[in-house]
Amino acid sequence: MRILILLLLLFSLPTWATNWTQQQLADFAKGSTLHFAVDSNQLAEASRFRAAIVLHNNSSVALPAGQHDWQIYFHLIRRVDTTEQQGLRIQHVQGDLHSLSPTADFAGLATGQQVQLVFESAPWLVSYSDFMPRAFIVSKPLQPEVFANTDTEDLQQFVLPLTRDAQLQRNFGSPDLVAIATPERRFASNLALNGTHNSNANPALRIIPTPQQVNFSKKRIKLGAHWQLEFSGAASHEARYLQQQLQQLGIELGSNADSKQPLIELTITPALPLAAEGYQLSLSAKRISLNAKDNAGAFYAVQSLLALLQQQGDDWLLPEGNITDQPRAAWRGMHYDMARNFHGKDVTLRLIDNMARYKLNKLHLHLTEDEGWRLEIPGLPELTSVGAYRCFDLTEQQCLLTQLGTGPHKQGSGNGYYSTVDFIEILRYAGERHIEVIPEIDLPGHARAAIVAMNARYNRLMALGQPDAARAYLLAEPGDSSQYISVQNYTDNAANVCLPSTYAFVDKVIYELQQLYRQAGQTLHIFHMGGDEVAAGAWQSSAACQQLFAAPGNGVSGVADLKPYFVRQLAQLTAQRGLALAGWEDGLMYDKLNTFERSQLTNPRILANAWDNIWEWGVADRAYRLANNGYQVILSPGTHLYFDHPHEAHPQERGYYWATRFTGIDTVFGFMPDDLYANAVTTRDGADITDLEKLLGRALPPLLQPENIVGIQGQVWTETIRTAEQLEQMMYPRLLALAERAWHKAGWEHNNDTNSRQTDWRSFASRLAQVELARLAKQGSSYYLPPPGARWHNNKLTINTALPGLSIEFSLDGGKNWQAYSGQSVLPAESLLFRSRAGAVTSRSVDLSPVRATADSAQ
């Protein structure tokens, strides 16, 4: 009888009960679906959400009952604590990676069945881009297989619809006052920004960024091959650049001086009474003069000339007149994180071109992160052979643990690095366009890629019997049992600041960086250490740190002394190499209010990116505290200049929203660098800020050393940005608004004059829509277009756009066919989609059928 029962059990076991095949695994992943669903972001406890994972077995293969050796891995930006339901266990692995595995209580999942696992976490999930693609199933020793419905950048293929208020509105313990964008709200916002009429300014003459002084007549100059070019030897590079740019437009200038022919003259005059990078541009029918303070000024004069060129038929025309111009800020920067997700060299070169076009001069390259190391360093091959790739390797000897939707394979999104040849090319390309490249090696936090890579190096060299060499660049101490979790949910991402090998590693990397700059014919001036977001608890149980505490005379008595100790060590290393040191603001602070003692840092220049200006968090005055204490501050506020935030408050918009629910182009345009506190308009939940000091419960320090605010910088972080197209849609056209504020101080900033700001915005937005978007497209860049707003009233539809001059299209068949909208008063309501268009680029489509139905029912 016992044998009979065993035989019956054996033959009744579901497929895969014993040995699974690769084909079965593939069939299950292809035929089954994994979905995520948000139930509510408005739980009784503030800043928490409830969601679910839904696994539906549509394949011909059953999951067996009981505990078996298979796991499903998925990416989720919120950490889910270990939870068990229906015999399935969800566990956090590292970062955004989680696993789903069966326990002995699992009842199996037959063909046609589904299982739903409910979980809670914090703070919220209100956007489709909060969820990462490429979930996969694993069963040793088989290769992982990706669930087909998640192997896509169309996130709505695996995230169930986000439509209800409970899904879209957050709970702060108080109401979420940020309204989700709808056609009607967008219409009202566009109307408030742009009024009912376009700007009176001529978009052809309103270049970006706005020059300091402009005087144009109505006369036009025809530019062509009959023009001659003369330049001083000092301006030969800028002259060649001008020739190349004009050749791309089909304009060939003459090279032999002929007094009878009109002349373009390019000169550099150091005695010119302008600030560095300033220039004068004079345009007349016989002579175009570009006279600059320095080479950078000559380059910017060329950019202004090119921006003024307008094509009419076969002719290229310029206005007659004069420009006198100089920059508002010395530091006009853009930060680009390719460490989270790598997007390739080409998009970096396009970024440099666009920065140069709009007179931005500092490119801050975020080269390293927890999720990737993106620069080849001679002598440390594991940094890129292991640290530049994510895949499914739990030992992390071949790659980092997969993160951010890369999936299990090395060819997945976000993998790759700059070779030394690539980086030298980037440096030269930027240098030719007067852009300084600032490399960031993020330490001691955000260092997981480097830590894992150096562990792999250690293992390789130990296997070769080279223990001293193996330990030379270790960043983690064997046996360190310190427990912590970072903001991005890592438990092992802090390099040990008590190990001498950590500083040997830093010095090695800085040395190799300097060599790369020299090979590019340049000099490295600034090393950015990162320094931000070190998790509390790091180094608490480190034996090396305990030894450091016990050693006399080093100024280190406990864990609280370790971060300033690290910065002092890096300051010394960089000063010895003739470098300035830069870091994110919290990397230079003891606590919320107190900066490190500037006198203890030996570099003549220490720069700080001031980013954390969530007003109600009480640290937005750090920018002024750092400046007052002798640090050079680059304003990089999360509320205005983080381009990884959504363009509007809508679930289909990409991006994180920790600083603000959204950052529109007009928000960037409206930033006022000279009065940081004046930018405190609303809290994260959308509440108006009427008295910042009352909100914080303390007085705010005034800016006592304004000369230490050296400029502003935009940031793009790429956790949710996996492709080059996605990257450019987040950066552009917000980068142009950044350039406007970095170069030009508008008159309305003096007293925050709303009417003047709106007039200026309409002029800027018209130029953007009618000229600059086409220039971006011609250069090969993608960009974002705001979707249109709409209002039904008295059975008449009115459409408007955030950027005046965009064309509008509609579709009556679900988006299969589109036609131009020219103000039709009545349209069928069954299927009614609208979108804005500029050239070949279109916005996200908007369904206006519900708007029509609501308007009709109200009549």
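The values are calculated or read from the model by the stated rules, or taken from the named source; none is laboratory data. Quantities reported herein were computed from a predicted structural model and do not represent experimental measurements. Every residue, glycine as well, gets a Cβ built from its backbone with ideal geometry; the counts of neighbours run over all protein chains shown.
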Notebook entry, point to check: Given L626, L588, L581, which one is surrounded by 18 or more Cβ atoms within 10 Å (Cβ to Cβ), farther than 30 Å from L177 by Cβ, in contact (Cβ under 8 Å) with a residue 40 or more places away in the chain and touching an Asp or Glu at 6+ places or on another chain (Cβ under 7 Å)?
Noted result: L626
Item checked: Subset tally (residues that are small (G, A, S) and in contact with a helix residue (DSSP H, G or I) (Cβ under 8 Å, 6 or more places away or on another chain)) for the range 153-180 -> 1
Next item on the list: Quickly run through the range 799-816 and pick out the residues that are out of contact with any helix residue (DSSP H, G or I) (no Cβ under 7 Å at 6 or more places or on another chain) and either without any contact (Cβ under 8 Å) to a residue 12 or more places away in the chain or not hydrophobic (A, V, I, L, M, F, W, C) (or both).
Entry: S807, E809, S811, D813, G814, G815, K816
Notebook entry, point to check: Does the range 391-399 contain any residue that is outside any loop (DSSP other than H, G, I, E, B), surrounded by 24 or more Cβ atoms within 10 Å (Cβ to Cβ) and at pLDDT 95 or above?
Noted result: no
Notebook entry, point to check: Is there a residue being at pLDDT 95 or above and among the hydroxyl-bearing types (S, T, Y) anywhere in the range 600-623?
Noted result: no
Margin query: Conditions first: (1) modelled with pLDDT under 95; (2) touching a Phe, Trp or Tyr at 6+ places or on another chain (Cβ under 9 Å). D315 passes all but one, so which condition is the exception?
Written below: (2)
Next item on the list: Taking only the range 424-464 into account, find how many residues are assigned to a helix (DSSP H, G or I) and within 17 Å of Y503 (Cα to Cα).
Entry: 10
Next item on the list: May I ask you to list pairs of residues, at least six apart or on different chains, whose Cβ atoms are under 6 Å apart, with the first in the range 159-182 being under 17 Å from F662 (Cβ atoms) and in contact (Cβ under 8 Å) with a residue 40 or more places away in the chain and the second being small (G, A, S) and in a loop (DSSP other than H, G, I, E, B)?
Entry: F172/A46; L177/G686; L177/A687; V178/A649; V178/G686; I180/A649; A181/A649
Check: So which residues in the range 111-142 are among the β-branched types (V, I, T) and either in a loop (DSSP other than H, G, I, E, B) or under 29 Å from the mean Cα position of the chain (by Cα) (or both), if there are any at all?
Finding: T111, V126
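Determine, yes or no, whether I721 is surrounded by 24 or more Cβ atoms within 10 Å (Cβ to Cβ), under 30 Å from R605 (Cβ atoms) and either of a type in the set (V, I, T) or assigned by TED's automatic domain parsing to the domain that holds S766 (or both). I'd like the intermediate steps shown before the answer.
Details: surrounded by 24 or more Cβ atoms within 10 Å (Cβ to Cβ): yes; under 30 Å from R605 (Cβ atoms): no; either of a type in the set (V, I, T) or assigned by TED's automatic domain parsing to the domain that holds S766 (or both): yes.
Judged against the criteria, I721 is not a match.
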Notebook entry, point to check: Here are some residues: T491, T523, T502. Which one is over 20 Å from D337 (Cβ atoms), in contact with a Pro (Cβ under 8 Å, 6 or more places away or on another chain) and either hydroxyl-bearing (S, T, Y) or without any contact (Cβ under 8 Å) to a residue 60 or more places away in the chain (or both)?
Noted result: T502
Checklist line | Residues located in the range 787-825, provided they are in a loop (DSSP other than H, G, I, E, B), among the hydroxyl-bearing types (S, T, Y) and more than 20 Å from R734 (Cα to Cα) | finding: Y821, S822, S825
Notebook entry, point to check: In the range 815-834, which residues are at pLDDT 90 or above and on the phi > 0 side of the Ramachandran plot?
Noted result: G815
Margin query: Return the residues of the range 143-162 that are among the polar types (S, T, N, Q) and either in a loop (DSSP other than H, G, I, E, B) or buried (at least 16 other Cβ atoms within 10 Å of the Cβ) (or both); say none if nothing qualifies.
Written below: Q143, N149, T150, T152
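Would you point out the residue of the range 436-463, among those that are among the aliphatic types (A, V, I, L, M) and touching a helix residue (DSSP H, G or I) at 6+ places or on another chain (Cβ under 6 Å), that is surrounded by the fewest Cβ atoms within 10 Å (Cβ to Cβ)?
Once the filter is applied, the top-ranked residue is M462.
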Notebook entry, point to check: Here is a list of conditions, (1) under 24 Å from Q488 (Cβ atoms); (2) in a helix (DSSP H, G or I); (3) β-branched (V, I, T), and V421 meets all of them except one; can you say which number that is?
Noted result: (1)
Next item on the list: Kindly indicate whether any position in the range 642-650 is in the same structural domain as T602 (by TED's automatic domain parsing) and in a helix (DSSP H, G or I).
Entry: no
Note to self: Looking at the range 591-613 only, could you name the residues that are buried (at least 21 other Cβ atoms within 10 Å of the Cβ) and out of contact with any strand residue (DSSP E or B) (no Cβ under 8 Å at 6 or more places or on another chain)?
What the structure shows: D612, N613
Next item on the list: Name every residue in the range 72-88 that is surrounded by fewer than 19 Cβ atoms within 10 Å (Cβ to Cβ) and either outside any loop (DSSP other than H, G, I, E, B) or at positive phi (or both), in order of residue number.
Entry: T83, E84, Q85, Q86, G87
Next item on the list: Could you check how many residues of the range 835-851 are part of a strand (DSSP E or B) and at pLDDT below 95?
Entry: 2
Next item on the list: Just one of (1) surrounded by fewer than 20 Cβ atoms within 10 Å (Cβ to Cβ); (2) within 28 Å of W658 (Cβ to Cβ) trips up L736, so point out which.
Entry: (1)
Next item on the list: Inspect the range 730-753 for any residue being touching a residue at least 12 places away in the same chain (Cβ under 8 Å), within 24 Å of the chain's Cα centre (by Cα), in a loop (DSSP other than H, G, I, E, B) and more than 23 Å from R775 (Cβ to Cβ) and give the result as yes or no.
Entry: no
Note to self: With the requirement that a residue be aliphatic (A, V, I, L, M), more than 15 Å from F36 (Cα to Cα) and either buried (at least 18 other Cβ atoms within 10 Å of the Cβ) or in the same structural domain as L401 (by TED's automatic domain parsing) (or both), what does the range 94-128 give you?
What the structure shows: L109
Check: In the range 465-569, which helices (runs of 4 or more DSSP H) lie fully inside it and hold 3 or more residues that are of a type in the set (V, I, T) and modelled with pLDDT of 95 or more?
Finding: 500-519
Notebook entry, point to check: Within the range 698-713, is even one residue assigned to a strand (DSSP E or B) and under 16 Å from the mean Cα position of the chain (by Cα)?
Noted result: yes
Checklist line | Which listed residue, of L97, L76, L88, is at pLDDT 95 or above, over 30 Å from D176 (Cα atoms) and touching a strand residue (DSSP E or B) at 6+ places or on another chain (Cβ under 7 Å) | finding: L88
Next item on the list: Scan the range 173-195 and give yes if some residue there is surrounded by 14 or more Cβ atoms within 10 Å (Cβ to Cβ) and farther than 30 Å from S756 by Cα, otherwise no.
Entry: yes
Margin query: Please go through the range 349-390 and give me each residue that is in contact with a strand residue (DSSP E or B) (Cβ under 7 Å, 6 or more places away or on another chain), under 30 Å from P211 (Cα atoms) and in a loop (DSSP other than H, G, I, E, B), ordered by number.
Written below: K359, L360, N361
